[in-house]
1. Calculate how steeply helix 116-125 sits against the longest principal axis of the alpha-carbon atoms of the chain, using the helix alpha-carbon long axis, and give the answer as 0 to 90 degrees to the nearest 10.
2. Let me check against my output: what whole-number percent is the relative contact order of segment 11-139, with C-alpha pairs under 8 Å and at least 6 apart?
3. Could you state how much accessible area His208 has, in square angstrom rounded to the nearest 10, with a 1.4 Å probe and all protein chains kept in place?
4. Take the Cα atoms of segment 104-226, find their three principal axes, and give me the spread along each one in whole Å, biggest first.
5. Report, in debye and to the nearest 20, how large the dipole of segment 88-226 comes out about its Cα centre when Lys and Arg carry +1 and Asp and Glu carry -1 on their Cβ.
6. Choose one of Leu80, Met197, Leu176: the residue whose Cα lies farthest towards the positive end of the charge dipole of the chain (beta-carbon charges +1 Lys, Arg; -1 Asp, Glu; about the Cα centre).
7. Carbon-plus-sulfur fraction of the accessible area of segment 166-218, 1.4 Å probe, in percent?
8. With no solvent and one equal point scatterer placed on each C-alpha of the chain, evaluate the Debye formula and give log10 I(q)/I(0) for q = 0.08, 0.12, 0.17 Å⁻¹, two decimals.
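The values are calculated or read from the model by the stated rules, or taken from the named source; none is laboratory data. Worth saying up front: this structure is predicted, and the values here are computed from it rather than measured. Counting neighbours? That spans all protein chains shown, and the Cβs are built from the backbone with ideal geometry, glycine included. Note: accessible area is taken over every heavy atom of the protein model, side chains too, but ligands, DNA and RNA are not part of it. Shrake-Rupley method; radii C 1.70, N 1.55, O 1.52, S 1.80 Å.
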Amino acid sequence: MSVISTCEPDRLLADYPGLQCIDDPVWRQAIADMLPMDIPAGTVMYRPGDICHNFVLLVEGTVRIFVRARNGREIVLYRLHPGELCILSLSGLLHGRPHTVEAVAETPLRAASLGQERFHEVFNRSSAFRGYVIDHLVRRLHETMTLLQEVAFERLDTRLAEYLYRRFEQGGIRVLKMTHQQLAVELGTTREVTSRMLKVLERSGGIHLRRGRIELVDVEQLRRAH
């Protein structure tokens, strides 16, 4: 990670309207003191056992947070985008507990950080900032519990169709550049199982498979499948 320039509060908080409207002097000073960072794609942000020392606001890019089993299989818990806070990092900052999962910069990142001591100072002295952090923790915890319920109780083919439908619809795209192995990691299963289910979706007319990419044919077919 390398410091690149002085933080610009308006640019830094453009995706964080809830933080942008906080007028507490201690918070406004903390924004001015945050250190900007330029983080290359592929950088491991933290590993199991690491202690969180910084409160980070993401300006550009995506961070993938996932669990890796002993056999090497992975399952993605969530992705961090601009405007969001990492609940696992917040938990580490608040309670001093080491990370139990892994986070990797999926793309080049621009971010800004505030040290642990300053974070605690702002958290304790600014009720508005404290409320924002707690609200974000609650919402993210709900999303994580929903994911765990899906993994535990929903059929894998249903989760696959729902994942593809969401990526195509939310991204406004018709081609998803993704290998079967990458998709298997997202779903927490094997490449072989994923490939079989993709073939079923292709035969149903929802998608068309090409090497390293999945093409949308009928979004309604995907919607009905999940």
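1. Between helix and principal axis, roughly 70 degrees.
2. Averaging sequence separation for qualifying contacts and normalising by length gives 37 percent for segment 11-139.
3. Surface open to solvent at His208 totals about 70 Å².
4. 59, 32, 26
5. 280
6. Value computed over the given set: Met197.
7. 47
8. Log10 of I(q)/I(0), two decimals: -0.35, -0.74, -1.22.
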